[in-house]
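Participant: Before I ask anything, here is the structure I am working with.
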Amino acid sequence: MAREFKRILGINFYVGDMADLLGLCAEGNFIVVPSAPNLADLPINPAYRESVEKSDFAITDSAFMVLLWRFFTGQSLPRISGLKLLRGLLATDELRRAASSLWIMPSKHEMEVNVAWFAQKGYPITEEQCFVAPIYAKGPVSDPSILNWIEARKSPYIIINLGGGVQERLGFYLRENLSYRPSIICVGAAVAFITGLQANIPTWADAWMLGWLFRCLHAPRKFIPRYWQSLQLIAVLGKYRERSVTG
């Protein structure tokens with residue numbers, strides 16, 4: 001299934017194998033990881049919708065979307081989570097090269113914890129390669145400070161570790177405004193899963209699409225309402241299938 005894509009809700013989803021995905025990650029693509037709650041919001045969030053529809057492609061991180069797609073169409077989709085993607089990237093030599101990557105973090109604390117983990121594991125990723133993002137308002141993102149910071153370094157990889165709904169809008173802004181074409185990869189909370197800042201999701205649980213359960217057990221007040229909201233995706237996907245919600 002190498003280099004195969006499937007159009008879902010107007011978004012180009014990658015449905016090939018993991019090995020080829022890692023190759024695509026090195027080719028200057030803007031890659032997004034839509035969650036079920038954010039996909040459910042596509043009809044009411046035009047800035048987010050534009051960012052994912054105009055990405056180079058998305059990966060099938062949402063287990064709920066994968067299951068719903070099979071229910072509505074009878075078609076099985078291979079699932080590749082953001083966590084699996086990040087683990088795959090970390091297993092290659094790409095991120096072990098000095099100054100090869102820039103990381104956008106949600107807070108100074110998370111940056112410090114993540115950088116300490118990188119150092120422990122032998123990755124040459126320092127605080128100088130990390131940018132702590134501000135809280136972005138709803139709508140299209142505009143942030144000249146991060147743009148200038150990236151332009152001064154011009155690393156081939158930009159890894160965005162922000163919440164879903166935000167990271168895609170930021171990634172789209174960077175893709176549209178940078179003077180060069182790095183790989184811009186949204187991985188959301190995947191770094192926090194690995195470094196212990198969020199729920200520890202074992203490889204087997206991720207493979208069995210149980211990451212949502214581990215997150216709910218770890219922080220029920222935060223994630224149970226969020227995943228409850230994702231039930232709205234049933235109606236959205238049932239109505240639009242392949243089409244954009246604007247169509």
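The values are calculated or read from the model by the stated rules, or taken from the named source; none is laboratory data. Not measured: the values here are computed from a predicted model. Every residue, glycine as well, gets a Cβ built from its backbone with ideal geometry; the counts of neighbours run over all protein chains shown. Protein only, heavy atoms only, side chains kept; ligands, DNA and RNA dropped before computing areas. Shrake-Rupley method; radii C 1.70, N 1.55, O 1.52, S 1.80 Å.
Participant: Kindly list, by first and then second residue, each pair from a residue in segment 183-196 that is under 12 Å from Trp103 (Cα atoms) and modelled with pLDDT of 85 or more to a residue that is in a helix (DSSP H, G or I) and open to solvent by 20 Å² or more (accessible area, probe 1.4 Å), limited to pairs with Cβ atoms under 6 Å and residues at least 6 apart or on different chains.
Facilitator: Ile184/Arg175
Participant: While we're looking at this one, here's another question. Across segment 39-61, which residue is modelled with the lowest pLDDT among those that are open to solvent by 10 Å² or more (accessible area, probe 1.4 Å) and farther than 12 Å from Arg169 by Cα?
Facilitator: Result: Asp61.
Participant: Being among the small types (Gly, Ala, Ser), under 18 Å from the mean Cα position of the chain (by Cα) and open to solvent by 20 Å² or more (accessible area, probe 1.4 Å) is the filter here, so list the residues in segment 172-195 that pass it.
Facilitator: If the condition is that a residue be among the small types (Gly, Ala, Ser), under 18 Å from the mean Cα position of the chain (by Cα) and open to solvent by 20 Å² or more (accessible area, probe 1.4 Å), then Ala189 is the only one that fits.
Participant: Can you pull out the residues in segment 120-154 that are under 22 Å from Ser51 (Cα atoms) and among the small types (Gly, Ala, Ser)?
Facilitator: Passing the criteria: Ala133, Ala137, Gly139, Ser142, Ser145.
Participant: Consider Thr92 against the criteria (1) surrounded by fewer than 18 Cβ atoms within 10 Å (Cβ to Cβ); (2) among the hydroxyl-bearing types (Ser, Thr, Tyr); (3) in contact with an Asp or Glu (Cβ under 7 Å, 6 or more places away or on another chain): it satisfies all of them except one. Which criterion is unmet?
Facilitator: Among (1) surrounded by fewer than 18 Cβ atoms within 10 Å (Cβ to Cβ); (2) among the hydroxyl-bearing types (Ser, Thr, Tyr); (3) in contact with an Asp or Glu (Cβ under 7 Å, 6 or more places away or on another chain), the lone unmet condition for Thr92 is (3).
Participant: Continuing with the same structure: I'm checking my understanding of the structure. Among residues of segment 148-171 that are open to solvent by 50 Å² or more (accessible area, probe 1.4 Å) and touching an Asp or Glu at 6+ places or on another chain (Cβ under 9 Å), which one is nearest to Ile11 (Cα to Cα)?
Facilitator: Among them, the one singled out is Pro156.
A quick yes/no check of all residues on (1) touching a residue at least 24 places away in the same chain (Cβ under 8 Å); (2) in a helix (DSSP H, G or I); (3) within 15 Å of Tyr14 (Cβ to Cβ); (4) open to solvent by 20 Å² or more (accessible area, probe 1.4 Å):
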| residue | (1), (2), (3), (4) |
| --- | --- |
| Leu83 | yes, yes, no, no |
| Trp117 | yes, yes, no, yes |
| Glu128 | no, yes, no, yes |
| Pro134 | no, no, no, yes |
| Ile146 | yes, yes, no, no |
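Participant: Just name the residue that is nearest to Ile159 (Cα to Cα) out of those in segment 178-200 that are β-branched (Val, Ile, Thr) and not in a strand (DSSP E or B).
Facilitator: Applying the filter and picking the extreme gives Val187.
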